[in-house]
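Q: Dropping a structure here in structure tokens format, bear with me for questions.
The values are calculated or read from the model by the stated rules, or taken from the named source; none is laboratory data. Remember, predicted model here, so these are calculated numbers, not experimental data. Ideal geometry is used to build each Cβ from the backbone, glycine not excepted, and the neighbour counts take in all protein chains shown. Keep in mind that these areas ignore ligands, DNA and RNA; they rest on the heavy atoms of the full protein, side chains included. Shrake-Rupley method; radii C 1.70, N 1.55, O 1.52, S 1.80 Å.
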Amino acid sequence: MSGRVWWRAVLTALVLFAAAPFAWAIIASLTPGAVLGGAPALWPRNPTLEHYRALFAVRSFWLPIRNSLVVAGTTTVLCVSAGALAAYALARLEMRGKRAILAVILAVTMFPQIAIVSPLYMLLRAMHLIDSYPGLILPYVTFAMPLAVWLLVGFFRQLPRDLEEQAMVDGASRWQVMRRVVLPLSAPGLATTAILTFIYCWNEFLFALSFTLGPERQTVPVAIALFRGQYQIPWGEILAAAILATAPVAIVVLAFQRRIVQGLTAGAVKG
Amino acid sequence: MARVVLEHVHKSYPNGFVAARDVSLDIEDGELLVLVGPSGSGKSTVLRMIAGLEKVTSGRILIGDRDVTELPPQARDVAMVFQSYALYPHLTVRENLGFGLAVRRQPPAIIKERVEAAAESLGLTAMLNRKPAQLSGGQRQRVALGRAIVRDPLAFLFDEPLSNLDAQLRSDTRTELARLHLRLKATMVYVTHDQVEAMTLGTRVAVMHEGVLQQVAPPMTLYREPANLFVAGFIGSPGMNFVRGTVRRADGCMFEGSALSLPLSPLDGEAAGDVALGVRPQALSLVPSGNDAPWRGTVFLVEALGSEQIVHLAAGDVKDLVVVVPAEQRVAIGDEVGIHVPANAVHLFDVRTGMRLGA
């Protein structure tokens with residue numbers, strides 16, 4: 001009994017520790033700018049939406065949101081669809097050098113972003129892709145694809161082989177096996193992969209900063225970073241923007257929470 | 001329906017393991033052939049090669065006189081029932097049953113008609129809209145069966161379809177399968193390690209061991225005239241008793257073990273050297289000691305099964321000689337008894353080759 005109490009106490013402390021900065025950000029984003037510098041409060045005094053209004057009225061914050069949605073959305077669709085095909089082949093088909101291919105795919109992610117940002121810039125400039133959507137999507141796909149492939153190979157390997165063999169004997173082509181059996185059964189895996197890929201792209205900063213030139217193509221993290229002026233830092237607006245950028249992802253993750261957990265732990269226990 | 005022929009089929013894996021060695025089988029149209037053997041004997045591999053799920057290393061496979069050796073499973077038009085049933089968990093029973101027709105782009109009206117007919121015959125009509133997770137083990141098994149029937153394939157392949165069922169259900173489903181075969185008159189290949197299934201279901205039974213076909217024969221022939229030591233020991237329960245010895249041919253034939261000997265009916269051919277004498281526990285009987293029975297032994301264990309008793313004796317150099325006696329015969333541990341051995345119930349095998357000697 002005392003073990004349970006202990007456990008709850010530790011959990012509560014951990015949750016408070018993790019959630020406190022978010023709570024503070026939400027409170028501060030609702031606090032009028034004039035009193036922001038004062039002592040932190042547990043509840044906003046004279047709550048106001050002025051920072052949120054300013055985001056859209058003054059700073060056209062819908063532009064970076066649109067850019068982020070386009071870039072992250074396209075990257076996610078590309079990664080999951082192409083990644084699923086590659087992963088299925090790597091998980092199931094008999095071919096030479098499977099391990100080597102998987103190793104090379106993983107190796108792609110081992111280069112620190114900062115090390116390749118200059119060569120990538122030259123490359124994209126030569127392709128006239130600087131300050132364009134493809135100019136961000138291309139590097140994102142390169143970086144997110146290995147994660148997608150590795151996750152999906154894991155999911156596909158856990159599917160019972162019997163089902164696919166049964167489908168083949170039943171007369172289904174490889175393509176039909178994929179579409180009618182493998183994909184529906186790996187929906188949790190696909191959802192997990194999609195969400196992780198989306199989050200990666202949604203939060204990415206360095207490439208987005210380096211390969212865009214102006215607000216027309218800047219994504220949310222870059223836009224937020226550029227809020228600060230020479231003489232002042234608009235904390236209220238920065239926090240409001242941060243909340244707006246985090247909320248959609250948080251809501252999606254919470255909505256799919258059970259599926260993601262299922263996906264991440266699938267195969268850990270039988271049944 | 002079609003004939004299924006395997007010609008000198010050989011299967012070896014890159015690591016050198018040989019799963020099937022020169023397997024030749026001619027499964028007639030409408031026959032139910034049971035492939036039986038201990039685990040690792042290669043029986044499942046042979047079935048999977050017929051289905052096209054494993055490539056043959058050499059040899060040919062024909063289904064209905066068409067060479068399918070190089071064809072993928074999709075093009076072979078056979079149906080398979082897996083041990084795990086392999087029901088599609090995201091599809092309803094109706095969709096599971098109709099899957100094979102749907103991927104072949106049959107018209108929905110035909111799919112509906114055939115699915116419902118199959119469901120009716122298997123008592124699944126009330127479950128058509130359920131998912132596999134909502135079915136009991138026996139119902140899942142029937143769905144797997146129904147999925148094969150709906151297709152009306154050239155041949156049915158069964159890979160240990162009953163081994164996940166409990167004893168009562170297994171015996172019911174075995175009967176159902178036997179009736180299904182009578183009704184459909186379809187070519188079926190049935191893999192099992194259970195000799196009761198093999199004996200009761202098979203038109204013929206093929207015994208496999210270490211990738212080699214040992215004997216292919218009707219069940220009673222396997223039981224009465226096992227071709228070699230392996231088949232003799234594998235078929236029958238409890239297993240056959242074996243006594244090592246030699247055959248001497250002076251004044252009639254005589255089997256001489258180190259402690260147990262037996263006069264034999266005259267043998268054809270040159271049965272010489274070391275032999276194993278095999279005799280089924282059901283063929284032996286126990287008589288009071290002092291009788292002129294050829295062997296004597298001491299009872300050390302009695303298993304009463306209700307309908308009969310299984311008696312274990314120490315007899316000469318045989319540490320565990322098994323005799324099945326009627327339930328009403330009085331036998332007690334420690335009894336010294338005579339063992340009667342009918343001359344016509346004796347099998348002789350060459351110890352070196354394992355092959356049966358004589359008729």
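Q: What are the residues of the stretch B:65-95 that lose 50 Å² or more of accessible area, with a 1.4 Å probe, going from their chain alone to all protein chains?
A: At a threshold of 50 Å² (probe 1.4 Å), the residues of the stretch B:65-95 that become less exposed are B:Gln74, B:Phe82, B:Tyr88, B:His90.
Q: Now, a different point. Less than 9 Å Cβ to Cβ from B:Ala217, Lys/Arg counted +1 and Asp/Glu -1: what total charge do the surrounding residues give?
A: Every neighbour counted, the sum reads 0.
Q: If you take the accessible area of B alone plus A alone and subtract the pair, what total do you get in square angstrom, rounded to 100, with a 1.4 Å probe?
A: Interface between B and A: roughly 1800 Å².
Q: Now a separate question. What spacing in nm lies between the two simple spin-label points modelled at B:Thr175 and A:Thr12, each 7 Å away from Cα in the Cβ direction?
A: Distance between the two pseudo-spin positions: 6.3 nm.
Q: Tell me the volume per residue, in Å³, of the convex hull enclosing the alpha carbons of the stretch A:2-48.
A: Working: hull volume 3.5 nm³, N = 47.
Value for the stretch A:2-48: 75 Å³ per residue.
Q: Another question about this same structure. Of A:Ala187, A:Ala241, A:Ala167, which has the largest mean-square fluctuation in a 10 Å C-alpha GNM of chain A?
A: Ranking A:Ala187, A:Ala241, A:Ala167 by mean-square fluctuation puts A:Ala167 first.
Q: At 0.36 nm per residue, and after removing the present C-alpha to C-alpha distance, how many nm does the segment from B:Ala327 to B:Val18 gain when stretched out fully?
A: Taking 0.36 nm per residue and subtracting the Cα distance, the gain is 106.7 nm.
Q: Of the heavy-atom accessible surface of chain A (probe 1.4 angstrom), what whole percent is carbon and sulfur?
A: On chain A, the fraction of accessible area on carbon and sulfur atoms equals 71 percent.
Q: Compute the distribution of all C-alpha to C-alpha distances in the protein assembly as shown, in bins of 20 Å from 0, and list the percent of pairs in each, rounded to whole numbers.
A: Over the protein assembly as shown, the share of Cα pairs per 20 Å bin runs 15, 32, 26, 17, 8, 2, 0 percent.
Q: Quick check for you: with a 1.4 Å probe and neighbouring chains kept, what is the accessible area per residue of chain B, in Å²?
A: On the way: 16100 Å² over 359 residues.
Result: 45 Å² of accessible area for each residue.
Q: At R0 = 56 Å, how high is the FRET efficiency between B:Ser258 and A:Gln257 if r is their beta carbon distance? Nearest 0.05 is fine.
A: 0.15
Q: Let me ask another. What lysines does B:Lys185 reach when the alpha-carbon gap must be under 25 Å and sequence neighbours fewer than 8 apart in one chain are set aside?
A: B:Lys43, B:Lys112
Q: Find the accessible area per residue for the stretch A:6-98; the probe is 1.4 Å, ligands and nucleic acids are left out, and the unit is Å². Walk me through the numbers before you get to the answer.
A: On the way: 5920 Å² over 93 residues.
Accessible area per residue, the stretch A:6-98: 64 Å².
Q: What shape does chain A take by its C-alpha gyration tensor, where a ≥ b ≥ c are the square roots of the eigenvalues and a/c under 1.5 counts as rounded, a/b above b/c as prolate, and the rest as oblate? Intermediate results must be reported in sequence, preceding the final value.
A: Numbers: a/c = 2.52, a/b = 1.43, b/c = 1.76.
Taking the square roots of the gyration eigenvalues as a ≥ b ≥ c, chain A is oblate.
Q: Shifting gears a bit: On a straight-distance basis, which aspartates and glutamates could pair with B:Lys131 in a cross-link, Cα separation under 15 angstrom, same-chain partners fewer than 8 positions away excluded?
A: Candidates past the 8-residue exclusion: B:Glu95.
Q: Taking a 1.4 Å probe, which of A:Tyr231, B:Tyr13, A:Tyr88, A:Tyr133 shows the most accessible area, and what order do the others take after it?
A: Order by accessible area, largest first: A:Tyr231, B:Tyr13, A:Tyr133, A:Tyr88.
Q: Considering protein heavy atoms only and a 1.4 Å probe radius, which residues within the stretch A:138-169 exhibit an accessible-area decrease of no less than 20 Å² in the full assembly relative to the chain by itself?
A: A:Asp162, A:Leu163, A:Glu165, A:Gln166, A:Met168, A:Val169
Q: Quote the charge dipole size of the protein assembly as shown about the Cα centre in Debye, to the nearest 20; the model charges only the Cβ of Lys and Arg (+1) and of Asp and Glu (-1).
A: Once rounded to the nearest 20, the dipole reads 2840 debye.
Q: Can I ask one more? Report in % the part of the accessible area of the stretch B:118-270 that belongs to carbon and sulfur, leaving out ligands and nucleic acids; probe 1.4 Å.
A: 50 percent
Q: Enter the Cα centre distance for the pair the stretch B:52-128 and the stretch A:32-78, rounded to the nearest angstrom.
A: Between the Cα centre of the stretch B:52-128 and that of the stretch A:32-78, the gap is 56 Å.
Q: A:Ile114 to A:Thr246: FRET efficiency via 1/(1 + (r/R0)^6), r the Cβ-Cβ distance, R0 30 Å, to the nearest 0.05? Show your work: numbers first, answer last.
A: Details: r = 24 Å, r/R0 = 0.82.
Between A:Ile114 and A:Thr246 the formula returns 0.75.
Q: Give the ranking of B:Lys112, A:Lys98, B:Lys185, B:Lys319 by solvent-accessible surface, highest area first, calculated with a 1.4 Å probe.
A: Largest accessible area first, the list is B:Lys319, B:Lys185, B:Lys112, A:Lys98.
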